[in-house]
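These notes concern the structure reproduced below.
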Amino acid sequence: MVARRVCAIVKKEHDAESRRAHASVFTIANGYMAFKGDLAEERGLLEERNGRHAATLINGVFDTADMIGQIPVSKHERRYLDEDYFDGAGPSPSVANLPNPLAVRVFVGDDELVFERGRITRFSRTYELDRGLYGYAYTHTDCRGRKTRIAMQRFCDMANVHRAFMRYSVTPLNYSGTVRIMSGIDAAVRSNLTGDRQIDVVGGWPVSRDKASLLMEARTAHTGIHVKLAVRNVFARKPFASPLVLSSADSLFALYEFRARPNNEIRLDKTVIVACERDTDLAVYRDAAASLGHAQSDPVGFDAVLDANAGWWRDTWKRLDVTIHGDKKAQLALRFCLFHLMCAAPRHADAASVPCKLLTGEHYQGTTFYDTDLYIEPVFTFTFPDVARRMLAYRHAGLGPGRAIATDLGCKGAKLAWQSGPDGIEALGKWYVFTHTNIHINSDVAYSLMQYLDATGDWRFMRERGAELLVETARFYASRARRNTDGSYSFLDVAGPDEGHCHSTDNVYTNLLAQKNLRAAIRMLGALRRDHREDYTRLVNALAIGQREPAEWRRVANGLRILYDPETKLYEQYDGFYELEPAPADLLEGRTQWFATVAPYQALNQPDVVMAHVLLRDEIPDDVKRANWAYYRHKSMNFSSMSFGINSIMAAIVGEMDEAYRSFMRSAAMDLDPTLTGRGDTGDGLHGTAMGAAWMAAVFGFGGITLSNGRLLVEPRLPKHWKSLAFTLQIQGESFRFTITPKRVLIKAGKRRSVTLPARIMGRNTVLRSGCAFSLESAR
């Protein structure tokens, strides 16, 4: 169980900008569904003033949005756009903002209690990360001087992912009279990304004799996915009269009336069921009303399920937590990251992913980028590998659309979607050049796949899905490469992770990772042929793998141009990068348009060569890493939130611990402290990439962990004020507990299996075994 004193997020700001950001911070989610943390009493002005709507999301339920219509008018050249495809562009897949089943409206007399139309005192929001409970409370004074205390708590059930609970209370403080509460389902919502209407209401009606249970059925406007939302309202004391059901084209409410007296609390417990026709278990969808159960009694009441949730989180934190002694601020920030990553984990489906904004917003259309594979998935690979397997299965499902993309580009194999939407389809058209120049997505997925295999030994997944992923991604690279007159191979017209130079040749990151992809596919076929002959034959026949294909992959891998100078030990980011103009000193401060000013200069939006060196840290010599870090670190504008975790790991590797810590905190706490980066975009959704990168910085950077080819390397480097760092990794089905202090490394292996793990710990070769402990004093 995590310590409660460093396991609660508390915010007291309530200005408009803070409320927008904190709506993301206080999102409740369970991997299947999510509700942003808006205040219910803002509802009357969200649309009018801010253009915002309450957000209810189901992971994987998409409609469409007019993304090309969001391109701002600008005089700047935008190299990431291809205007030749503008005329044929249409709506793009985008996560659907669904009806809000947590909707509540309060009327004091005949006046609606609206947050902005009153004086607010004693305001506080709290997120208890040890049991997933979000709550807020404040005192509202209206224009007539009536004071009302509002308090709300809500959470998503982590065991039954279709279920959420809310407790809502209204307490008159200085008046008597009539208080009316409307509780139901509000479908008058639009996309927070574009303002598109994404849902149509099919119908809504009460489903219990007491009118306390309501059911709404809706469908996404363009994709036609049916969704059911059911709610049950239970009050702690009886209302003045039976509720009145209010049904309109876009809402379904039950209206309750109470005789109010000072300090006499009116409390509502609301149970919510959400399901859709895409669910693996359709029983909930078919009878959502029955799934409400008996909301007035255990075991499905608010308190009973909250207790069960606390138990679920207690067990989860035992595997997920990273414990930092000596730095409470860092501890809370990192736990906040891990909490939200777990809330987005797709535990409900065989093949599902985690959007880069997690489930906390609609930005980037709720889609999956390579960020998920390289920054978010490793967290689960080493803590909850079954979640990582589901994420890789999602990538396997994307092979069908990927083959179509490759064919359209005149290539073989599959080119995985750069901005991957439902079932792995590309969520943007060719008018966005990254859809066809960001080809490193293939090797990013292959990298994460091989990391998963190294960590789990899950050959069953490799035989059933993983090998096919490696083959089809390798095929694409082999056909996409162009042979030069000297016999070498190049990738033309590509964008590396920097993304500021969209049409480059031989981007080093792309070529290095493509090499690994091609060679991994060759090794995989060899391993299957040797150890799993039947699976090998099935794969060869299914994919029509020619006898000469692996040799061709090897030729391309060995021949890819890697722009490296052994004298300077520098990698040129891409062919011609050195010929660009030096970046002006005020480049970052003077920049007004995304990507507008980077391309002409030796400047990067985010790490590129350095990112390759972090991923391949066991293959790149330390002096080479140090030289390239020194050369590229100040060329990166760190525009992307993914930058800081990479910078932290590299700084730790080269021993620059102050910079390593500074970048770690920016990665871990940027959504809690906007002054760290000045981005100001948390309201669009949390930075899931940075959250995963924070875990990587703690474990791979400060913990010094590298797992490569079945061998564990441990070379820790702690920030100077940290007393200890502790975490648990799942490797080959066994649990390994690491406790690192400035003077000692202690590793305790569990007893679940009989695992033998070769290791090199602070320069000493050893073997870790199940049921045993290893301790080594530092010589530093």
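The values are calculated or read from the model by the stated rules, or taken from the named source; none is laboratory data. None of these values were measured; they are calculated from a predicted model. Cβ sites come from the backbone with ideal geometry, for glycine too, and all protein chains shown count toward neighbours. Remember, those area values only see protein heavy atoms, side chains included, never the ligands or the DNA or RNA. Shrake-Rupley method; radii C 1.70, N 1.55, O 1.52, S 1.80 Å.
With the Cα gyration tensor of segment 292-383 giving a ≥ b ≥ c as the square roots of its eigenvalues, does the rule (a/c under 1.5 for rounded; else a/b larger than b/c for prolate; else oblate) give rounded, prolate or oblate? List each step's numbers first, then the result.
On the way: a/c = 2.12, a/b = 1.25, b/c = 1.69.
Oblate, since a/c reaches 1.5 and b/c is not below a/b.
With a Cα-only, solvent-free Debye model of segment 382-468, what are the log10 I(q)/I(0) values at q = 0.17, 0.19, 0.21, 0.24 Å⁻¹?
At q = 0.17, 0.19, 0.21, 0.24 Å⁻¹ the computed log10 ratios are -0.69, -0.83, -0.97, -1.17.
Given a Förster distance of 60 Å, report the FRET efficiency between A585 and S708 from their Cβ-Cβ distance, rounded to the nearest 0.05. Each step should come with its number before you reach the end.
Details: r = 40 Å, r/R0 = 0.66.
The computed FRET efficiency comes out at 0.90.
Calculate, in nm to one decimal, what C143 and R764 gain on full extension: separation in residues at 0.36 nm each, minus their alpha carbon distance.
On the way: separation 621, 0.36 × 621 = 223.56 nm, distance 7.23 nm.
Answer, rounded to one decimal: 216.3 nm.
Tell me, in nm to one decimal, what length is gained between T126 and K720 on full extension, where the rule is 0.36 nm per residue of separation less the Cα-Cα distance? Walk me through the numbers on the way to the answer.
Numbers: separation 594, 0.36 × 594 = 213.84 nm, distance 3.11 nm.
The T126-K720 span can extend by a further 210.7 nm.
In Å, the Kirkwood hydrodynamic radius of the chain over pairs of distinct alpha carbons?
Numbers: mean 1/r = 0.0363 Å⁻¹.
About 27.6 Å for the chain.
What value, in deg cm²/dmol to 500, does the helix sum -39500 (n - 2.57) over DSSP H runs of n ≥ 4 give at 222 nm once divided by the residues of the chain? Could the numbers behind the result be given before it?
Numbers: 19 runs with 212 residues, N = 780.
Using -39500 (n - 2.57) per qualifying helix, the result is -8500 deg cm²/dmol.
If the cut-off is 19 Å between C-alpha atoms, which aspartates and glutamates fall inside it for K11, apart from same-chain ones fewer than 8 positions away?
D38, E41, E42, E116, E128, D130, D671, D673, D681, D684
Would you list which aspartates and glutamates come within 18 Å of K430, measuring only between C-alpha atoms, while excluding same-chain residues fewer than 8 positions from it?
D66, E77, D82, E83, D84, D87, D408, D493, E499
No solvent, one uniform scatterer per C-alpha: report log10 I(q)/I(0) for segment 627-746 via the Debye equation at q = 0.14 1/Å, two decimals.
-0.63
Between R737 and R460, what is 0.36 nm times their sequence separation minus the Cα-Cα distance? Round to one decimal in nm. Each step should come with its number before you reach the end.
Numbers: separation 277, 0.36 × 277 = 99.72 nm, distance 2.62 nm.
Taking R737 through R460 to full extension adds about 97.1 nm, to one decimal.
Between segment 604-631 and segment 161-175, how far is it from one alpha carbon centroid to the other, in angstrom?
Result: 52 Å between the Cα centres.
For labels at R259 and H76 in the simple 7 Å Cα→Cβ model, what's the distance in nm?
About 6.5 nm, to one decimal.
Using DSSP to call loops (not H, G, I, E or B), can you name the GluC sites (Glu not before Pro) in segment 604-680 whose Cβ has at most 16 other Cβ atoms within 10 angstrom?
Numbers: sites: E619, E656, E659; in loops: E619, E656.
Listed in order of number, the matching sites are E619.
Taking a cut-off of 29 Å between Cα atoms, list the lysines near K12, but don't count ones fewer than 8 places away on the same chain.
Here the lysines satisfying the reach criterion relative to K12 are K36, K147, K270, K328, K329, K357.
Over the chain, what percent of the accessible surface lies on carbon and sulfur atoms, probe 1.4 Å? Don't jump to the answer; show the numbers that get you there.
Details: 13910 of 29230 Å².
Ligands and nucleic acids excluded, carbon and sulfur reach 48 percent.
Protein chains only, probe 1.4 Å: how do Y85, Y134, Y601 rank by accessible area, largest first?
Values: Y85 90, Y134 0, Y601 50 Å².
Largest accessible area first, the residues go Y85, Y601, Y134.
Using a/c under 1.5 as the rounded threshold, could you call segment 209-329 rounded, prolate or oblate? The axes a ≥ b ≥ c are square roots of the C-alpha gyration tensor eigenvalues, and prolate needs a/b larger than b/c, oblate otherwise.
Details: a/c = 2.15, a/b = 1.23, b/c = 1.76.
Oblate, since a/c reaches 1.5 and b/c is not below a/b.
For a quick check: with amide H placed at 1.01 Å from N, whose amide H comes under 5 Å from N638's, ignoring anything fewer than 5 positions away on the same chain?
Amide H neighbours of N638: Q606.
May I ask you to give the solvent-accessible area per residue for the chain, in square angstrom, as obtained with a 1.4 angstrom probe?
For the chain, the per-residue accessible area is 37 Å².
Between R267 and R555, what is the spin-label point distance in nm, taking each point 7 Å from the Cα along the Cα→C-beta axis?
So the label points at R267 and R555 sit 7.6 nm apart.
Where in the chain are the DSSP H helices whose C-alpha atoms run 27 Å or more along the long axis and whose mean Kyte hydropathy is at least -1.0?
Numbers: long enough: 508-531 (34 Å, -0.06).
Span-like helices in the chain: 508-531.
May I ask which residue of L525, H501, Y601 lies farthest towards the positive end of the charge dipole of segment 494-620, with charges of +1 (Lys, Arg) and -1 (Asp, Glu) on Cβ and the Cα centre as origin?
Final value for the positive-end residue is L525.
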